[in-house]
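Input: a single structure, listed below in structure tokens.
The values are calculated or read from the model by the stated rules, or taken from the named source; none is laboratory data. Model, not experiment: these values are computed from the prediction. With ideal geometry, Cβ positions are generated from the backbone for all residues, glycine too; neighbour counts draw on all protein chains shown. In case anyone asks, the SASA skips ligands and DNA or RNA and just uses the protein heavy atoms, side chains included. Shrake-Rupley method; radii C 1.70, N 1.55, O 1.52, S 1.80 Å.
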Amino acid sequence: MAKLPITTARLQVLNQDLQLGLYKGQVWAGEFAWVFHWHFRQGKLRVEPCLGRALIEDALLRFLLRCDHQLDVGGEYSFLVRATV
């Protein structure tokens, strides 16, 4: 069985508003970079720009669901992205 390609994604939290239930940040993987808005009370994630969004969106959502309560503004985090070809 072939191993899936793995990329390390880096994430930085830029803003947090607990009253609105919102995290804003940036995420990078490979040659791509995105801005995200995580509305954790609604379970909604917005990732922009759309170029390459499909590569990161699911892995980012899993990371945020697992770790959003541990994130701090200014903090830098990393997680693995596995993709099928």
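See the values below:
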item: Residue selected from the range 53-85 under the condition free of Cβ contacts under 8 Å to residues at least 60 places away in the same chain and more than 13 Å from the chain's Cα centre (by Cα), by the criterion nearest to Leu11 (Cα to Cα); result: Asp72
item: Qualifying residue in the range 30-42 (condition: of a type in the set (Lys, Arg) and either under 12 Å from the mean Cα position of the chain (by Cα) or under 21 Å from Lys3 (Cβ atoms) (or both)); result: no
item: Residue satisfying all of: in the range 22-50; at pLDDT below 95 and in contact with a strand residue (DSSP E or B) (Cβ under 6 Å, 6 or more places away or on another chain); farthest from Val73 (Cα to Cα) among these; result: Gly30
item: Members of the range 61-80 that are among the small types (Gly, Ala, Ser) and in a strand (DSSP E or B); result: Ser78
item: Arg46 surrounded by fewer than 16 Cβ atoms within 10 Å (Cβ to Cβ) and either of a type in the set (Val, Ile, Thr) or closer than 22 Å to Lys3 by Cα (or both); result: no
item: Neighbours by Cβ (under 6 Å, 6+ apart or cross-chain): first from the range 2-20, more than 19 Å from Gly43 (Cβ to Cβ) and assigned to a strand (DSSP E or B); second open to solvent by 60 Å² or more (accessible area, probe 1.4 Å) and of a type in the set (Phe, Trp, Tyr); result: Arg10/Trp28
